[in-house]
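Structure first, then comments.
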Amino acid sequence: MLKIFSILLPIFLGIIGYKISSKKMSKYLEQNSFALKDPIINSLLKKVSFSLNLPKIEVHILEDANINGLASNDGKVFLTKGFLDKYYSGIVSAEELIGVISHELGHLALGHTKKRMVTYSLQNAFQMGLGFLISRIIPFVGIYISSFFTSLLTAKLSRLDEYEADKYATALMIKVGLGIEPLISLFEKLESLSGQTGQLPAWMMSHPRTEDRIAAIKARNPG
């Protein structure tokens, strides 16, 4: 019974911790965002919603200077104001932003936001269990070693989700008639725009390397 409890407790704590952080994040996003009202982007969004048989797709702009897009746990899609500013300055096109939105819609459609709660809870249990076992062999540093291996696992799962969302976005962009070119040009710009130049080894990164993502997108293009 004690062994079962020691396994279930970290999972339970992981679920509770994830739900609390999710509520905080949802509240933060709601309080610091506004609806996207750009006529050109919203016109393209109508094509996307029609292709998906949805009445409407709403995108929210998060007051954040960074370059990012995200899907919240309550099913909303966000672009940062930093991304929107790049659009208004002519650096990023409306079609490229639709590519970002399509990617985030992929996360929602594929259940990635919900899957995070399960994976977070299991990873929490894995980290605590592995840390306990290693600490019996190497006292005091077991928790750090288990944290390192858990971060590698988390990064691997995240990269798989990103590839799946890219695949979804590729199919959607082709379906609405925009093709894969906006996705490719977006990724070619993204590293310099976000200031991320791939300093970490690929196996430690939460997102796949840009060249790998572009190659995967090109491979899925039937044309």
Per-pair calculated FRET efficiency, R0 = 35 Å: I20 and K46 via Cβ, rounded to 0.05
0.40
For E188 and E63 in the same chain, what is the full-extension length gain: residue separation times 0.36 nm, less their Cα-Cα distance, in nm?
42.6 nm
Can you spot the lysines whose alpha carbon is less than 20 Å from K86's alpha carbon? Ignore those fewer than 8 places along the same chain.
K37, K189
Each label sits 7 Å from Cα toward the beta-carbon; between E30 and A216 the label points are separated, in nm, by 3.3 nm
Heavy-atom accessible area of S93 with all protein chains present, probe 1.4 Å, nearest 10 Å²?
40 Å²
Accessible-area ranking of H60, H107, largest first, probe 1.4 Å:
H60, H107
Ignoring ligands, DNA and RNA, how do K47, K86 rank by accessible area with a 1.4 Å probe, largest first?
K47, K86
Rank these by accessible area, largest first, 1.4 Å probe: L178, L172.
L178, L172
K175: which lysines have alpha carbons under 18 Å from its alpha carbon, excluding same-chain residues fewer than 8 sequence positions away?
K46, K47, K56, K167, K218
In straight Cα distance, which aspartates and glutamates are under 12 Å from K27, not counting same-chain residues fewer than 8 positions off?
D74
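The values are calculated or read from the model by the stated rules, or taken from the named source; none is laboratory data. Because the structure is a prediction, the values reported are computed rather than measured. Don't worry about glycine lacking a Cβ; one is built from the backbone with ideal geometry, like all the others, and counts go over all protein chains shown. Quick note on the areas: whole protein, heavy atoms, side chains included, nothing else; ligands and nucleic acids left out. Shrake-Rupley method; radii C 1.70, N 1.55, O 1.52, S 1.80 Å.
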